[in-house]
Amino acid sequence: MSIQEVAPEQLAELFHHYHQALAPDFQCASKPSETWDQVPTQEKSRLVAAARLALLELTATAQQHEDSRRYFAKPGNAEWGC
């Protein structure tokens with residue numbers, strides 16, 4: 001699965017799940033564990049927007065990395081000499 005195939009809503013829900021699951025391990029004074037369905041709509045929207053921005057940034061970073069490598073031969077295909 002590529003970054004482009006990840007839905008921001010799915011990423012936000014997973015992030016929330018792991019954030020809740022890890023809170024006790026880090027002695028976080030957070031609300032009692034709430035499921036994704038219990039998260040207020042405004043908070044869900046904020047998490048989804050943050051996930052969307054993170055995915056856009058990861059996609060842009062991956063594209064820049066790919067662009068910088070396009071000028072180099074693939075391993076084993078380089079031509080040597082003048």
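General observations
- Extreme residue, modelled with the lowest pLDDT, among residues of region 22-39 that are under 19 Å from Q10 (Cβ atoms) and in a loop (DSSP other than H, G, I, E, B): E34
- Number of residues in region 29-50 that are farther than 23 Å from T61 by Cβ and in contact with a helix residue (DSSP H, G or I) (Cβ under 8 Å, 6 or more places away or on another chain) equals 6.
The values are calculated or read from the model by the stated rules, or taken from the named source; none is laboratory data. Owing to the predicted nature of the structure, the values given are computational and were not obtained by experimental measurement. Positions of Cβ are backbone-derived with ideal geometry, glycine not excepted, and every protein chain shown enters the neighbour counts.
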